[in-house]
Amino acid sequence: MVRKKGRVTLANQKLIVHKLSENAMAQWILSRLFEVKDQPKPRFAFQGTVNWMKALSVLVNDQSFSDDAIRQHFEMVQRRPVNSDADAMVFENILMAFHSHASLVRFNEDVTHRYDICRSAIISWYYSIYFCCSAMVTAASGSSQESHTATAKVWNSDIVDNGLAMSPFSLSTSSLVTVFVENEISELRQGNTHDLNVYAETREEAWGAAVSYLKGTAEYEKWRVEERVKGSSEFKKLGVNNFRTKAARELRDKHLEKNKVNFLIQAFRYRGKANYRDSVFLSYGNNQTEKIEEFCKDLREVSEAFQRMAAFYLSKRVERDSWSIFIDDLEENSRLSIGVDHLRV
């Protein structure tokens, strides 16, 4: 510190105040958020977000998700009777999914500072998944839903329950009742002890992390159902404020039995955490530039794999030859910068 006649100069006084202010401000907004809300710690929120996508990326880059494996998975799928209106909705949904995937491609190739776009990349990733799911549901049953929650429920009944989703996108629970969830998670784990604390490099690590995210989502969805039950007239008539009584548990479990967790529900939760609940963790605090760059790449790879899976299924359900006509049309008339090879089957 420079001193002048035994005293700190005015210039250095200002510098000291500035440095003190910098230190005090280092986590200022985070402290404010902790004061007023149930704010997840950024380190754990970041870790869960990045590690789940890394796990999915490892799993879809495995030989079990090769073109041959996808083709074999859908080998027995039968073409449905011609339904022109439903087919049109299939093509429209895939066009929307394709556009979202194009954003992920450009985020990876044209953006130099990926911190700036990582939150937007999650949103694009979600809509790539969502519109593919909508297309698959329409191809399966001809139905079309008006909400994301409704689409997730029909995705479960039309696709997951019929074995049409490939692992890891097939991961699901049959209800939210604790004992059933615990048994199903244990069955999926088969002794695997890895969880979302690991940044997966191997298939075993990735599988453990993916199952861990399924378990966490089931616990979150259970909490949401319990909160709804507590607000219901049925619960209020019991005159209790928890689920310790038999009557309260039976009422709760009746609702838990009706709800499931599948990949689309996990994706919806993932989008919500990034877009609404965990406001700080993707753009604040410790510098994780390398992880963010890899994360954006993982988002793109998982999106492409999901679209690839969807394309094989859809091509076998829509009117014969119409899928190849649709892809040729996209190649000629799409104004997006990316190609359509990943949608060709």
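Read-outs: derived from the displayed coordinates by stated rules, not from any lab. Note that the structure is predicted; figures quoted are calculated from it, not measured. Here Cβ is always computed from backbone atoms with ideal geometry, including for glycine, and neighbour counts include all displayed protein chains.
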Query - chymotrypsin sites (Phe, Trp or Tyr not before Pro) within the range 179-226: DSSP coil, no more than 16 neighbouring Cβ in 10 Å - result: TYR199
**Report entry** Potential extension, GLU182-ASP67 segment - 0.36 nm per residue separation minus Cα distance
**Finding:** 38.1 nm
**Report entry** Contact order normalised by residue count of the chain, Cα under 8 Å, 6+ apart, percent
**Finding:** 30 percent
Report summary line: In terms of the alpha carbon gyration tensor, root eigenvalues a ≥ b ≥ c, rounded if a/c is under 1.5 and otherwise prolate when a/b exceeds b/c or oblate, the chain is oblate
Query - Extension gain from ALA88 to GLU109, taking 0.36 nm per residue of separation minus the Cα-Cα distance - result: 4.4 nm
**Report entry** Whole-number percent relative contact order across the range 39-133, with pairs defined as alpha carbons under 8 Å at least 6 apart
**Finding:** 26 percent
Query raised in the report: Under a 5 Å amide H to amide H cut-off, with H placed in plane at 1.01 Å, what residues pair with VAL261 once short-range neighbours are removed?
Result: THR173, SER175
Query - Spin-label model distance (nm) - LYS246 vs ARG277, 7 Å beyond Cα toward Cβ - result: 3.4 nm
Query raised in the report: With each label point set 7 Å from Cα along the Cα-Cβ vector, what nm distance links ASN286 and ARG344?
Result: 4.4 nm
Report task. Quick one: check the C-alpha center-to-center distance for the range 137-199 versus the range 265-319, whole angstrom. Result -> 17 Å
Query raised in the report: Roughly speaking, what % of Cα-Cα pairs in the range 173-261 are separated by over 16 Å, rounded to a whole number?
Result: 57 percent
Query - Theoretical ellipticity at 222 nm over the chain - DSSP helices of four or more residues, -39500 (n - 2.57) apiece, nearest 500 - result: -20500 deg cm²/dmol
**Report entry** Restraint check, LYS153/LYS222; LYS153/LYS254; LYS222/LYS273; LYS153/LYS297; LYS215/LYS273; LYS54/LYS215, Cα-Cα greater than 21 Å
**Finding:** LYS153/LYS297
Query raised in the report: Can you list the GluC sites (Glu not before Pro) in the range 156-239 that are in a DSSP coil and have 14 or fewer other beta carbons within 10 angstrom?
Result: GLU201
Query - the range 173-261: relative contact order in percent, alpha carbon pairs under 8 Å with at least 6 residues between - result: 37 percent
Query - Fully extended contour minus Cα-Cα distance, from LEU238 to SER141, at 0.36 nm per residue - result: 30.9 nm
Report summary line: Under the rule rounded for a/c under 1.5, else prolate if a/b exceeds b/c, else oblate, using alpha carbon gyration tensor axes a ≥ b ≥ c, the range 56-154 is classed as oblate
Query raised in the report: Based on the alpha-carbon gyration tensor of the range 253-345 and its eigenvalue square roots a ≥ b ≥ c, which shape applies: rounded if a/c is under 1.5, prolate if not and a/b is larger than b/c, or oblate?
Result: oblate
